[in-house]
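Working notes, beginning with the structure itself.
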Amino acid sequence: MKFVLAPDKYKGSLTGNEFCEAVSNGIRKVFPNALIIKKPLADGGDGTLEVVESYLKGSMVKMLIKDPLFRDVESAYMLSGDKKTAFVEMSEASGFKLLQKDELNCMHTTSFGTGQMILDAIEKGAAKIVLGIGGSATNDGGMGMAVALGFRFLDGEGNILDPIGKNLIKVQEIDAKGVSGTLRNVKVRVACDVNNPLHGPQGAAYVYGPQKGANKEEVAFLDKGLEHFANVLQRTFSVDVQRIPGAGAAGGLGAGAVVFLNAELASGVDLVMDIAGFGNALDNTDWIITGEGKLDGQTSAGKTIQGVLKLAKKKGVPVAALCGAVDVSIDEIKDMGLDYAVSIMNGPGSLEEAKANTYKNLELAGYNFANLVKKSKEIPGQE
């Protein structure tokens, strides 16, 4: 028997590697000689850096950068062993996790620190950049990132603007004279799992601004700023960013990455699966076992399990999901394409107790699933 273990993390309780270890222990109690391939995954959001590091055999590059409020903070990105590929996680430089709750206000935050890490990676020789953009605290259209790379944003009087959300509306000219020519030779792929346009009712400001500290009036102001910014980008670079699905991701950094980095927006889990060599691992596989903290309606919206299911379907491999909680109907499980889905919780208890017992419960779930597979093979006509 061959099993491929391809989970996301259980946020707050287990990493993907710990999931693989627990489930593997359970399987081996039933199939001691099974071939078990461990491929922990992520969807491009918070925590992706840790997953990618193991596949690229890279090292963390620590550096002093500016946080979303322009304060000095030590952060890091990952550089592959051959120094040709860098993985930059936006949340490490420009994420809301770097701010206190009362500091959140995307009128004043910047993606400058993200640009600093990208520039450092390029200067160290990286020819490929993978940029994860989940968890941002910004709504600056990627201005901050661009300024770190050498772009300048000017108002109608030629004054240099600070690269923050409230200044989007003031941008009249974009000066690229200070941008290094090496930027054109770098291939950038952005992990982007939303399809929001840059502005409008489904745009960056209206959908994500409130959770980044903007009030109703500020959201409307930021949206007008993004619309104005889109017009300036089209006038300057002949790119209509409003037509690009995902341009509104990370406060408009999706749009900024396309224009300033010539980046490709792609599914986060697809990028991680590519880095992990996940597709090649599925040859002659009997079962894929995946999982996440909660299987719900968001799972099919670009999350790790959905990415696993998409590739599994192409390869004709059945998929089982072992999750902390299952909050979907039978019909939804069928629609997702899952062949088996179960919550690992064993009885009532608090959330804290459930998290404390996650490893033990996952090991048991792995054992029970493997036993079910074994019994099904013993029944004539069953597989």
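The values are calculated or read from the model by the stated rules, or taken from the named source; none is laboratory data. Computed from a prediction, not measured in an experiment: that's the story for all the values here. Heads up, the Cβs are rebuilt from the backbone with ideal geometry, glycines too, and the neighbour counts pull from every protein chain shown.
The table below gives the values:
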quantity: Of all residues making up the stretch 46-72, the number that are in a loop (DSSP other than H, G, I, E, B) and either touching a residue at least 24 places away in the same chain (Cβ under 8 Å) or touching an Asp or Glu at 6+ places or on another chain (Cβ under 6 Å) (or both); calculated: 8
quantity: The stretch 246-294: number of residues that are β-branched (Val, Ile, Thr) and over 22 Å from residue 34 (Cβ atoms); calculated: 5
quantity: Residue in the stretch 120-137 that is of a type outside the set (A, V, I, L, M), more than 18 Å from the chain's Cα centre (by Cα) and not in a helix (DSSP H, G or I) present; calculated: yes
quantity: Selection count, the stretch 215-245, where residues are in contact with a Cys (Cβ under 9 Å, 6 or more places away or on another chain) and buried (at least 24 other Cβ atoms within 10 Å of the Cβ); calculated: 1
quantity: Hits in the stretch 1-29 (condition: touching a Leu at 6+ places or on another chain (Cβ under 9 Å) and of a type in the set (A, V, I, L, M)); calculated: 1, 4, 6, 14, 22, 23, 27
quantity: Members of the stretch 321-335 that are surrounded by fewer than 18 Cβ atoms within 10 Å (Cβ to Cβ) and aliphatic (A, V, I, L, M); calculated: 325, 330, 333
quantity: Residue satisfying condition, being buried (at least 16 other Cβ atoms within 10 Å of the Cβ), outside any helix (DSSP H, G or I) and not hydroxyl-bearing (Ser, Thr, Tyr), within set 19, 31; calculated: 31
quantity: Long-range neighbours under 8 Å by Cβ, at least six apart or interchain, first residue without any contact (Cβ under 8 Å) to a residue 24 or more places away in the chain within the stretch 214-240, second among the aromatic types (Phe, Trp, Tyr) and in a helix (DSSP H, G or I); calculated: 219/206
quantity: Any hit, the stretch 129-151, residues being charged (D, E, K, R) and farther than 29 Å from residue 82 by Cβ; calculated: yes
quantity: Residue selected from the stretch 138-186 under the condition part of a loop (DSSP other than H, G, I, E, B) and hydroxyl-bearing (Ser, Thr, Tyr), by the criterion modelled with the highest pLDDT; calculated: 138
quantity: The listed residue being touching a strand residue (DSSP E or B) at 6+ places or on another chain (Cβ under 7 Å) and either surrounded by fewer than 23 Cβ atoms within 10 Å (Cβ to Cβ) or in the same structural domain as residue 210 (by TED's automatic domain parsing) (or both), out of 98, 104, 69, 14; calculated: 98
